[in-house]
1. Counting only residues that are closer than 15 Å to PHE94 by Cβ and in contact with a helix residue (DSSP H, G or I) (Cβ under 9 Å, 6 or more places away or on another chain), which one in the range 110-125 is surrounded by the fewest Cβ atoms within 10 Å (Cβ to Cβ)?
2. Quick one: in the range 54-96, which of the residues that are within 16 Å of the ligand (Cβ to nearest atom) and among the charged types (D, E, K, R) is surrounded by the most Cβ atoms within 10 Å (Cβ to Cβ)?
3. Scan the range 149-167 and report the pairs whose first residue is in contact (Cβ under 8 Å) with a residue 60 or more places away in the chain and closer than 30 Å to THR104 by Cβ and whose second residue is open to solvent by less than 20 Å² (accessible area, probe 1.4 Å) and aliphatic (A, V, I, L, M), with Cβ atoms within less than 7 Å and a gap of 6+ or a chain change.
4. Could we say that LEU49 is at pLDDT 95 or above, within 16 Å of the ligand (Cβ to nearest atom) and within 21 Å of ILE190 (Cβ to Cβ) here?
5. Identify all residues within the range 32-53 that are among the aliphatic types (A, V, I, L, M), surrounded by 21 or more Cβ atoms within 10 Å (Cβ to Cβ) and outside any helix (DSSP H, G or I); write none if there are none.
6. Residue under question is LYS29, and the condition is that it be over 23 Å from CYS140 (Cα atoms) and open to solvent by 60 Å² or more (accessible area, probe 1.4 Å); does it hold?
Amino acid sequence: MTSAPKKKFAALISGRGSNMASLLAAAEKPDFHAEPTLVLSNKADAPGLSVAERAGVPTKVISHRDFASRAEYDATLDETLKEAGVDIICLAGFMRLFTEEFVTSWTGKLINIHPSLLPSFPGLNVQQKTLDAGVRVSGCTVHFVDAGTDTGPIIGQAVVPIDPNDDDASLSARILGQEHKLYPRCLDLIAQEKIWLEAGRVRYATDFRIDQSLSLP
Ligand code: GAR
């Protein structure tokens, strides 16, 4: 039996790129169903770029500062990703909002990771807001991107308990540890077409097995 060709993914970063690194590391395993084809940053000084270069993955910088409008920037991004033959875009700390045109053009193929249990705590400074709210659990979410900010259909979540002594740094680190497990798992399932987006809802293949540790249905 011949296996299906691997899906090609791009990781979009703006900084450290530790989630991107976790995707690249997972993709080195022969049984992973996606392969990296591009790491793209809107910032030339993003530390994650050198991580990708060391891993032998092509990198590209498209600075938003070189474009007069969000529409022009997103059109160039769209063209670049399509030219690279990208099937799935993984946002990995890519700190930019997209135009509706871009989101529509990649619906079902554009995924993001966020360091909270969405729909709680969207936006920025998430871990501090989580601590300020006094909730006892937090976590991370991988979701399909829609036109809103951190609002798209949820693919998978991992729960992280909050310690009474946690501060922003300690909670962020504990959540990040789960992000690095959740994101590769979600990408692999999408690449295998075990999870997909249909009419605005996340659908799961009937032979899908529950993974209790990551709270995936
Ligand atoms: C991660 O915690 C990711 O969840 C968050 O930025 C960090 C990037 O770290 N993303 C968002 O807040 C998106 N709304 P990384 O560059 O080391 O992957």
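1. GLY123
2. ARG96
3. Correct list of pairs: ILE155/ILE111; ILE155/VAL142; ILE155/ILE195; GLY156/VAL142; GLY156/LEU182; GLY156/LEU214; GLY156/LEU216.
4. No; evaluated as a whole, the condition is false for this residue.
5. Correct list: ALA34, LEU38, VAL39, LEU40, ALA46.
6. So LYS29 passes the test.
The values are calculated or read from the model by the stated rules, or taken from the named source; none is laboratory data. As the structure is a prediction and not an experimental result, all values here were calculated from the model. Please note: Cβ atoms are built from the backbone with ideal geometry, for glycine as well, and neighbour counts cover all protein chains shown. Surface areas here come from the heavy atoms of the whole protein model, side chains and all, with no ligands, DNA or RNA. Shrake-Rupley method; radii C 1.70, N 1.55, O 1.52, S 1.80 Å.
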